[in-house]
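First up is the structure itself, then whatever we jot down about it.
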Amino acid sequence: MINRRQWLYGVGVMAGAVAQPGSAFGQDNQEPQKTPHPSLDLSDFEPRSMLQVHESRVERAAFPVIDFHTHITTSARSEHGVELASERKYLGTPEELLAVMDRKNIRAMVNLTGGYEGGLGEVINKYDRAFPERFYTFTEPCYERWKEHKYPELQAQAIEQAHLRGARGLKILKTLGLYLRENITSGQLVRVDDPRFDPMWDACGQFNMPVAIHVSDPVAFFTPTDRFNERYEELNNHPDWSFYGGDFPSNTEILEARNRVLARHPKTNFVVLHVGNFGENLANVAENLDRFPNMTVDIAARIGELGRQPRTARKFFDRYQDRILFGTDATPHGDGFPQQIFNDKLYEIYYRFLETDDEYFDYAPAKTPPQGRWRIYGIHLPETILRKVYFENAARQLRVKA
Ligand SMILES: [Zn+2]
């Protein structure tokens, strides 16, 4: 018998011996003396995993999909993070989108950033009406009019107008809470639970329009961009994504303000995007889902978070299987953001995460993991949950037939 201590001692001797050229332990004495390597810039570091495990390729989703979170159009003009135009910039033609959708088993895409007024009407005509049941468009608040003293009623009326034009819901960008200010682009930040938006939230409930709400951001964006920041490279590439310092509220303050909105408007359905805007803390998301029956979440641009905690994520999907929507944040030609670029590869990664038990794979089609240097693990959902997450839960929100 050899005890643990003796065994460790033996290993120590071996390791020491191997490290010395010319020792008696089988070194062939050909290797030159090792010199320390020069330091390597993090941006040049591209380690190749030597792990050999099964790799699945999931070219089509097992069941039809509604991608609840995409951006096919955006505002033609914005200043300091505030969208200020009804006119839209078109990021992809219906034809090029439909080709990918058909290959990937995507029944419909929800274009969240459809804008308002005439620009919104144009988007709905070009996509939703031209290709029924393939595209659904959401409206957005008109912040241009924010300073008008009748804004609360005007914005509530705008929701009704958008509903009549065919908009399926309302989208809130992180503009609210992080960019919109009293004088639109200057002055004090407007809080997420500012009562001037109350009529707008109520109107959404009245017209059965879900509110797809993105407030806050990954929690690392609220901490210094330094060597301890797990998203250092991402923040280095996009310094304007940092909300550390200045007059920015904390992540916690923003989420608390959002919770007050959910509590105040129980008849309005809120789809809290990006895993309830706190994918790093599924216990917190679960607590809020339990508190607010009018809350649903999507998984857009957060499989990096879900997939690095696959056991917790799997339990989360089991428990909230009726309240999780498939979404990607896909943006046609969004080359600066590989985690949300609209292409075949992106969807294959999402499907692989949801459908397989593959281990340790990239969460985005990129050379370097764009949201942090880690990899993910599949959660192998059963058929019943896949059907709900891919399609049925979104169909209920959109009031479309399954
Ligand atoms: Zn988005």
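Round to a whole angstrom and tell me the spacing of the C-alpha centers of the range 324-387 and the range 241-293.
Going from one Cα centre to the other spans 23 Å.
Just how large is the dipole of the range 225-371 about the Cα centre, in debye to the nearest 20, putting +1 at every Lys and Arg Cβ and -1 at every Asp and Glu Cβ? All intermediate terms of the calculation are to be shown ahead of the outcome.
Details: 17 positive and 24 negative charges, 117 e Å.
Here the size comes out at about 560 debye.
Give the peptides 40-47, 278-285 in descending order of average Cβ contacts within 10 Å, highest first.
Values: 40-47: 8.2, 278-285: 18.4.
Ranking the peptides 40-47, 278-285 by packing returns 278-285, 40-47.
Return, ordered by residue number, the residues of the range 161-198 whose backbone nitrogen is under 14 Å from a label point located 7 Å along Cα→Cβ of residue 264.
From the range 161-198, the list is 177, 190-198.
Taking only the alpha-carbon atoms of the range 199-355, what semi-axes of the equivalent ellipsoid follow from 5 times the gyration tensor eigenvalues under a square root, in whole Å, largest first? Numbers along the way, then the final one.
Values: eigenvalues 123, 86, 52 Å².
So the equivalent ellipsoid measures 25, 21, 16 Å along its semi-axes.
Between residue 322 and residue 183, 0.36 nm times their residue separation minus their Cα-Cα distance comes to what? Present the calculation step by step, with values, prior to reporting the outcome.
Values: separation 139, 0.36 × 139 = 50.04 nm, distance 4.05 nm.
Taking 0.36 nm per residue and subtracting the Cα distance, the gain is 46.0 nm.
I need the trypsin sites (Lys or Arg not before Pro) found in the range 323-367, filtered to DSSP loop residues with at most 11 other beta carbons within 10 Å of theirs.
Working: sites: 323, 345, 352, 367; in loops: 323, 367.
Answer in residue order: 367.
How fast does the range 150-250 diffuse by Stokes-Einstein, in µm²/s, taking the Kirkwood radius from C-alpha pairs at 4 °C and 1.567 mPa s?
Working: Rh = 15.4 Å.
Translational D for this selection: 84 µm²/s.
Send over a whole-number figure in Å² for the accessible area per residue of the chain, probe 1.4 Å. Let's see the in-between values first.
Values: 19850 Å² over 402 residues.
Ligands and nucleic acids excluded, the figure is 49 Å² per residue.
What whole-number value in cubic angstrom gives the convex hull volume per residue for the C-alpha atoms of the range 282-389?
102
Quickly work out the residue 373-to-residue 90 label distance, labels modelled 7 Å from Cα along the C-beta direction, and quote it in nm with one decimal.
4.3
Under unit Cβ charges (Lys, Arg +1; Asp, Glu -1), what dipole magnitude, rounded to 20 debye, does the chain have relative to its Cα centre?
Values: 49 positive and 55 negative charges, 195 e Å.
Computed about the Cα centre, the dipole is about 940 debye.
For helix 4-19, what angle does its Cα long axis make with the longest principal axis of the chain, in degrees from 0 to 90 and rounded to 10?
80
Please work out the Kirkwood hydrodynamic radius for the range 133-199, using every pair of different C-alpha atoms, and report it in angstroms with one decimal place.
Numbers: mean 1/r = 0.0782 Å⁻¹.
Kirkwood hydrodynamic radius for the range 133-199: 12.8 Å.
Restrict the search to the range 37-136; then list the GluC sites (Glu not before Pro) that DSSP places in a loop and that have at most 16 other Cβ atoms within 10 Å of their Cβ.
Passing sites in the range 37-136 are 55, 59, 87, 133.
Identify all lysines with a Cα-Cα distance to residue 171 below 29 Å; exclude those on the same chain that are fewer than 8 residues away in sequence.
Within the straight-line limit of under 29 Å, residue 171 reaches these lysines: 89, 104, 126, 147, 150, 267, 315, 345, 388, 401.
What's the extension gain from residue 79 to residue 130 if we count 0.36 nm per residue and subtract their Cα-Cα distance? Walk me through the intermediate numbers first.
On the way: separation 51, 0.36 × 51 = 18.36 nm, distance 3.16 nm.
The residue 79-residue 130 span can extend by a further 15.2 nm.
Any idea which of 268, 296, 279 is furthest toward the positive side of the dipole for the range 254-302, if Lys and Arg beta-carbons carry +1 and Asp and Glu beta-carbons -1?
The residue sitting most towards the positive pole is 268.
Run the Debye formula on the Cα coordinates of the range 70-198, all scatterers equal and no solvent, and tell me log10 I(q)/I(0) at q = 0.10, 0.14, 0.15 1/Å.
-0.33, -0.62, -0.70
Give or take rounding to whole Å, what are the principal axis extents of the alpha carbon atoms in the chain, in descending order?
87, 47, 39 Å, listed from the longest principal axis down.
The values are calculated or read from the model by the stated rules, or taken from the named source; none is laboratory data. On a predicted model such as this, the values are computed, not experimentally measured, just so you know. No Cβ is skipped: glycine too gets one built from the backbone with ideal geometry, and neighbour counts run over all protein chains shown. What goes into the accessible areas is simple: the full protein's heavy atoms, side chains included, and nothing from ligands, DNA or RNA. Shrake-Rupley method; radii C 1.70, N 1.55, O 1.52, S 1.80 Å.
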